[in-house]
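Colleague: Got a structure for you, questions after.
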């Protein structure tokens, strides 16, 4: 199958992004918006820019992790699943259709200034230019980018010239009253003009055609948002400072009106010409981006495959361009202008809410394949602000757009269940969502015998690699995900935990559902190197190591199969100090902790190569102290090391209780008196004290904490402070 070519440079990408905003948002919309809030229209544009910033940052991150054509649809489909992806793809497609159609309607108002065409024929001229745009998009995306660049520069220079003339002429009397309809009027106007900034993220939809996407996509989004928000705010301020609200409220060509007032008739003609080509440019940019949504959906088998057809010569998605332009023509002919804007804003706000949710889901689940080269700052507060501000704006848009959103959701669901359900994929949220999220969004499967289903169904699903090579008698399973500090140290620690003859090492590579497993079932140089390293560990320590390499769509499901297949005593993984067990979201590690049958060990490797002194720090009221001591003793015997059992108490603890704990600990250590000792410390800050003491040891052994913070319970973002602050390596044990 032919692929889209990466032809777009940074300048072309910025031009496409700015052209997607520098159109109806400033050439047409300010007059209609000013009627809703008065001279505070400039503030509405500023607040809208702030509200859209989280989505711009989130989409920058998502685009560098998934630089494919389709934009937000791709991100939502991968994170939330094909059902949500189908709904979002339709919603995004329609929002850009509506916005681009609005641009062509505004184009007609400016064209009337330049011609003697009767107003009754203006829509047909808009359709004629739409056909020209369609041909330009089919002809080639590289040429589109070059045309956009020239038009954007010309438009910006024109608006700047208006600012030079208009700002000194601002009449402060026209700026009062500041808000005609109070705070509610201002917020509703923010929601109304929100669509003006939609183009800032439009380039994510053509990420598959951008050169060096990891650098150019986030840079283009942020630069274009900065440029366009500055233009919107200053031009809106100049408009309300020179033209009365009464005149603006019925004017759909306000930039021409301002030019006529400031520079005379010929200057106004020039501005009208720039308005015409700018609005055509915006519509062109809209066709370019919106046509990629059904194309990406067809590629994912959520729509008929003929929608994924590329032009034989120009490699553009010809069928989706044709359908997109047909829909735009119908909208131009039959829909009301203000309703177009409200619907477009509602679709865009809802999609940006979903985009912010996607970042949270993908970050917290920590799926292996999600590796963005750019990460949004101030996570997750930036995303939460985007979600809550978006919900508020949706409310202020009114009932009609919300009803239409629900209707699109129903239409998307019908399309998915009648066609797209054939796509054999599930989103990250379904794979790693915790019980609450699954209950809210996904159907529960009929209950069957738990022990039987967990093995037989999973075994059938993964029969391509469950070929008997996984050793069912291995005492320890050690999954390797490629991000371990030292695989050799991890395997040695697995041998220390092992009480059977052999241990199993499994290299696991997780790929998105959209990637065929057969395409990556090859022995890479990295796997060959790993096998060589493990053979050295095996010979040096006289171990029996079985090694397998697995490619999977779902780490948690694979780990469940491995656990059930082998009946091992321990599962040992590398660890960064974070563990998720959220109410809504689990990362694979959090899922494994909750579902794996064997004992579970997490190893945070801080680079300590030789282990001779071990400290077992027992958490208050630990019920597993005896098992923890036994396991720690086994580890020490392997390394020929000694260990210290550490208790930390506050100074106001009951003395009798301390004596009981001390006596009980001494009894438990009696069997290991040659390699063990007891240490009791007093501190009001156990975390800080243990952190200081770890400088005296090579390995800190911990049990599992019993309490989660509110944040970890909701999203699963908690960290084990003892492990994170430790100076030595850390082994955290969960004993079943």
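Colleague: Restrict the check to the range 650-666 and report whether at least one residue is surrounded by 15 or more Cβ atoms within 10 Å (Cβ to Cβ) and touching a helix residue (DSSP H, G or I) at 6+ places or on another chain (Cβ under 6 Å).
Modeller: no
Colleague: State whether one or more residues within the range 304-323 are at pLDDT below 80, in a helix (DSSP H, G or I), crowded, with 24+ Cβ neighbours inside 10 Å and assigned by TED's automatic domain parsing to the domain that holds residue 200.
Modeller: The answer is no; no qualifying residue exists.
Colleague: When you scan the range 679-698, how many residues do you find that are at pLDDT 90 or above and assigned to a strand (DSSP E or B)?
Modeller: Here the count works out to 1.
Colleague: Across the range 361-383, what is the number of residues that are closer than 17 Å to residue 576 by Cβ and either free of Cβ contacts under 8 Å to residues at least 12 places away in the same chain or outside the structural domain of residue 218 (by TED's automatic domain parsing) (or both)?
Modeller: 0
Colleague: Which condition breaks for residue 579 when tested against (1) crowded, with 22+ Cβ neighbours inside 10 Å; (2) at pLDDT 70 or above; (3) under 33 Å from the mean Cα position of the chain (by Cα)?
Modeller: With respect to (1) crowded, with 22+ Cβ neighbours inside 10 Å; (2) at pLDDT 70 or above; (3) under 33 Å from the mean Cα position of the chain (by Cα), residue 579 is out only on (2).
Colleague: For residue 611, are the conditions met, namely being touching a helix residue (DSSP H, G or I) at 6+ places or on another chain (Cβ under 7 Å), modelled with pLDDT of 85 or more and either more than 20 Å from residue 496 (Cβ to Cβ) or outside any loop (DSSP other than H, G, I, E, B) (or both)?
Modeller: no
Colleague: Among the residues of the range 472-513 satisfying the criterion of being assigned to a helix (DSSP H, G or I) and touching a strand residue (DSSP E or B) at 6+ places or on another chain (Cβ under 7 Å), which is nearest to residue 630 (Cα to Cα)?
Modeller: Among them, the one singled out is 497.
Colleague: Got a sec? Which of 259, 296 is in a helix (DSSP H, G or I) and in contact with a strand residue (DSSP E or B) (Cβ under 7 Å, 6 or more places away or on another chain)?
Modeller: It is 296.
Colleague: Hey, another quick one. Determine, yes or no, whether residue 27 is within 25 Å of residue 154 (Cα to Cα), at pLDDT 85 or above and either crowded, with 24+ Cβ neighbours inside 10 Å or assigned by TED's automatic domain parsing to the domain that holds residue 279 (or both).
Modeller: It is true that residue 27 is within 25 Å of residue 154 (Cα to Cα), at pLDDT 85 or above and either crowded, with 24+ Cβ neighbours inside 10 Å or assigned by TED's automatic domain parsing to the domain that holds residue 279 (or both).
Let's see how each residue does on (1) in contact with a strand residue (DSSP E or B) (Cβ under 7 Å, 6 or more places away or on another chain); (2) over 25 Å from residue 569 (Cβ atoms); (3) at pLDDT 85 or above:
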position: 616; (1), (2), (3): yes, no, yes
position: 630; (1), (2), (3): no, no, yes
position: 645; (1), (2), (3): yes, no, yes
position: 663; (1), (2), (3): no, yes, yes
position: 672; (1), (2), (3): no, no, yes
position: 677; (1), (2), (3): yes, yes, yes
position: 700; (1), (2), (3): yes, no, yes
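Colleague: Out of 121, 194, which single residue is within 24 Å of residue 332 (Cβ to Cβ) and either at pLDDT 85 or above or not assigned by TED's automatic domain parsing to the domain that holds residue 296 (or both)?
Modeller: Step by step, each of 121, 194 is checked, and only 194 is within 24 Å of residue 332 (Cβ to Cβ) and either at pLDDT 85 or above or not assigned by TED's automatic domain parsing to the domain that holds residue 296 (or both).
Colleague: Okay, moving on. Given (1) at pLDDT below 80; (2) in a strand (DSSP E or B), where does residue 730 come up short, assuming only one miss?
Modeller: The number of the failed condition is (1).
Colleague: Continuing with the same structure: Considering 280, 271, which residue is part of a helix (DSSP H, G or I), under 19 Å from residue 157 (Cβ atoms), touching a residue at least 24 places away in the same chain (Cβ under 8 Å) and within 33 Å of the chain's Cα centre (by Cα)?
Modeller: Every option except 280 fails the conditions.
Colleague: Looking at (1) out of contact with any helix residue (DSSP H, G or I) (no Cβ under 6 Å at 6 or more places or on another chain); (2) under 30 Å from residue 300 (Cβ atoms); (3) buried (at least 20 other Cβ atoms within 10 Å of the Cβ); (4) modelled with pLDDT of 65 or more, which one does residue 497 not meet, given that it meets all the others?
Modeller: The number of the failed condition is (2).
Colleague: In this structure, is residue 154 in the same structural domain as residue 238 (by TED's automatic domain parsing), closer than 24 Å to residue 102 by Cβ, at pLDDT 85 or above and in a helix (DSSP H, G or I)?
Modeller: Considered against the rule, which asks whether it is in the same structural domain as residue 238 (by TED's automatic domain parsing), closer than 24 Å to residue 102 by Cβ, at pLDDT 85 or above and in a helix (DSSP H, G or I), residue 154 comes out as yes.
The values are calculated or read from the model by the stated rules, or taken from the named source; none is laboratory data. Keep in mind it's a predicted model, so treat the numbers as computed, not measured. So basically every Cβ, Gly included, is an ideal-geometry build from the backbone, and we count neighbours across all protein chains shown.
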